[in-house]
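The values are calculated or read from the model by the stated rules, or taken from the named source; none is laboratory data. Bear in mind the structure is a predicted one, so any value in this text is a computation, not a measurement. All Cβ positions, even for glycine, are placed from backbone atoms using ideal geometry, and neighbour counts span all protein chains on display.
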Amino acid sequence: MKKNNVMNFFSDLGRSLMMPIAALAACGIILGLTSALMKAQVVAAAPFLGEGLLGFIILVLNKVSGVVFTLVPVLFTISIAMGLANEEKEVAAFAGFIGYYTFLVASSLVINTGVMDFSVMKISVILGVETLDMGAVAGILIGLITASLHNKYHKVVFPAAIAFYGGKRFVALAVILVSAILGIVSPFVWQPVSTAINGLGSLIHSAGIFGVGIFGLLERALIPTGLHHVLNGLFRTTSLGGTYEGVEGCLNIFLQFVDKVPLKELAPFTRFLGQGKMPFMMFGLPAAALAIYQTSPADKKDRVKALMIAGVAASFVSGITEPLEFSFMFIAPALFGFHALMGGISFALMAALGVAIGNTGGGIIDFFIWGVFQPGSNWIWVIVVGIAYAVIYYMVFKAYLTKKQISIDVADEDDGEPSSAGTVSEKMQKTAETVIEGLGGFDNIVTVNNCITRLRVDVKDMGKIDEDLLRKTGSLGIFKVSDTHIQVVYGPKVEQVADAVRHVIKNY
């Protein structure tokens, strides 16, 4: 039971981190494009890019998108508080922001007392407060505390005289109190904790190419559980991903210095970012999809073809790989093991070859913006290694599927017409009703959430799950994280499915 609770917690944490990570990725694309357009050699070749209204617009977009990366801790606080709250999520998000700001002020007051020498720790101006800078760790802690207090007290009832301060209003008060205490204590305990985290980060970096390969292997191997979001989040926003001129986290470092220093200096940090994914996202998996299609029985080819085309488009363009990965993950676990291993090798090779392509995505958009358009990125190696990956993936997948006579099962397409706000189409409602039935019925469902590709559901009794029925709704895969949490993979259309399921449950 304890193991299940731990898995549930980290799965939910990973889902909660998806919102700020998605925002950072989108802002990163804007920052990368504008940074490329502002390069001296680009402006010299096209002077109009640095003049007049166009130059001003490029400058504004560059600065505004860059500011987002200074807000990582507070974004983590809000998203974790909201994501882990069982009900009244907007109240938890509001309390999370108040709690984080309270933490900053409390820490600042302690530091300014001069009770001891805090100069060895990083002091920064955050949201206008000169205070202890714990980076994303502070945001994660306050988010977890807020969610816990919210779930425990958002329905508390007080006597009539003070009833106004009960329920969700009490959440903010409790969060302020606990955050203030944490803010007072943190300056005294953060130094050894920070030293330990930095030490672990140094150990990983000192492992060189081997350490990068292990990271890449874990990043793919954790895909079934969704915990890869947690791993990526820690490396991208804390000192685990490295420290450069006081900035922590490989993504933070890259995006804050990409237009200030030569890319060669940032290569030690980009090795944990999107460059390691590009060979298998843009080349390997599309080749695997071709092998899957070619080895499918004739009566399945049309449906498999449609699924593979959609999966390849998602992987190649935007770096969303789960639709393809889940198509073979369960029917051919050995192939997924091979894929995870190749992921580790890909990360290691990109680092060894001196590639310096940042941001989080591994698709063609990031490849051009952060690779082709950036002098010194060594982007050509992505293509060289990628072609080899395409050949290897195709041969391995085709040989294995042919030898084992395995073919993927594809459900009939069941997408409905686009729905207007607050409603679902008749076809999607029927799909949602079937999903609910497959999840054991209304009474078996506790909460319904989703990330980019998965429906994430907490249930009372996992024994009531009907996997065959769920597959008939278009599911690409089913993963039972614990005795009470299940993830049903639908790919990019999951938002539509989740909205329909929530709509039907709400009106039940």
Margin query: Of the residues MET329, MET278, only one is modelled with pLDDT of 80 or more and touching a helix residue (DSSP H, G or I) at 6+ places or on another chain (Cβ under 6 Å); which?
Written below: MET278
Margin query: Scan segment 153-160 and tell me whether some residue there is crowded, with 18+ Cβ neighbours inside 10 Å and touching a residue at least 60 places away in the same chain (Cβ under 8 Å).
Written below: yes
Checklist line | Selected residue (only one of GLY386, GLY376, GLY344 is touching a helix residue (DSSP H, G or I) at 6+ places or on another chain (Cβ under 9 Å), of a type outside the set (A, V, I, L, M, F, W, C) and at pLDDT below 85) | finding: GLY376
Notebook entry, point to check: Mind checking whether some residue in segment 130-145 is surrounded by 21 or more Cβ atoms within 10 Å (Cβ to Cβ) and at positive phi?
Noted result: yes
Check: Residues of segment 47-66 being exposed (fewer than 11 other Cβ atoms within 10 Å of the Cβ) and among the hydrophobic types (A, V, I, L, M, F, W, C), which ones?
Finding: PHE48, LEU53
Margin query: Scan segment 315-324 and tell me whether some residue there is hydrophobic (A, V, I, L, M, F, W, C), in contact with a Gly (Cβ under 6 Å, 6 or more places away or on another chain) and closer than 18 Å to GLY477 by Cβ.
Written below: yes
Notebook entry, point to check: Taking segment 357-381, which residues are within 21 Å of MET19 (Cβ to Cβ) and part of a helix (DSSP H, G or I)?
Noted result: ILE365, ASP366
Checklist line | One residue from PHE235, PHE269, PHE254 being outside the structural domain of TRP370 (by TED's automatic domain parsing), at pLDDT 80 or above, in a helix (DSSP H, G or I) and of a type outside the set (Val, Ile, Thr) | finding: PHE235
Notebook entry, point to check: For ALA26, which of the numbered conditions (1) surrounded by fewer than 15 Cβ atoms within 10 Å (Cβ to Cβ); (2) closer than 19 Å to LEU251 by Cβ; (3) at pLDDT 75 or above fails to hold?
Noted result: (3)
Margin query: Step by step: first the residues of segment 449-471, then only those that are more than 19 Å from ILE505 (Cβ to Cβ) and at pLDDT below 80, then the one that is nearest to the chain's Cα centre (by Cα). Which residue is that?
Written below: ILE452
Next item on the list: Output the strands (runs of 3 or more DSSP E) that fall wholly within segment 445-498 and possess 1 or more residues being among the aromatic types (Phe, Trp, Tyr), or say none.
Entry: 477-480
Margin query: Could you check segment 423-452 and list, in sequence order, the residues that are β-branched (Val, Ile, Thr), in contact with a Leu (Cβ under 9 Å, 6 or more places away or on another chain) and within 17 Å of LYS480 (Cβ to Cβ)?
Written below: VAL435, ILE445, VAL448
Checklist line | Restricting segment 262-312 to residues that are within 30 Å of TYR244 (Cβ to Cβ) and surrounded by fewer than 20 Cβ atoms within 10 Å (Cβ to Cβ), the residue that is nearest to the chain's Cα centre (by Cα) | finding: PRO268
Notebook entry, point to check: What tally of residues in segment 437-459 results from selecting those that are touching a strand residue (DSSP E or B) at 6+ places or on another chain (Cβ under 9 Å) and without any contact (Cβ under 8 Å) to a residue 24 or more places away in the chain?
Noted result: 1
Notebook entry, point to check: Looking only at segment 128-149, which residues are touching a residue at least 24 places away in the same chain (Cβ under 8 Å) and more than 24 Å from the chain's Cα centre (by Cα)?
Noted result: VAL129, THR131, LEU132, LEU149
Next item on the list: Scan (1) farther than 21 Å from THR70 by Cβ; (2) at pLDDT 85 or above; (3) among the small types (Gly, Ala, Ser) for the single condition GLY114 breaks and write down its number.
Entry: (2)
Checklist line | Counted residues, segment 462-481 - those being buried (at least 18 other Cβ atoms within 10 Å of the Cβ) and farther than 26 Å from MET308 by Cβ | finding: 2
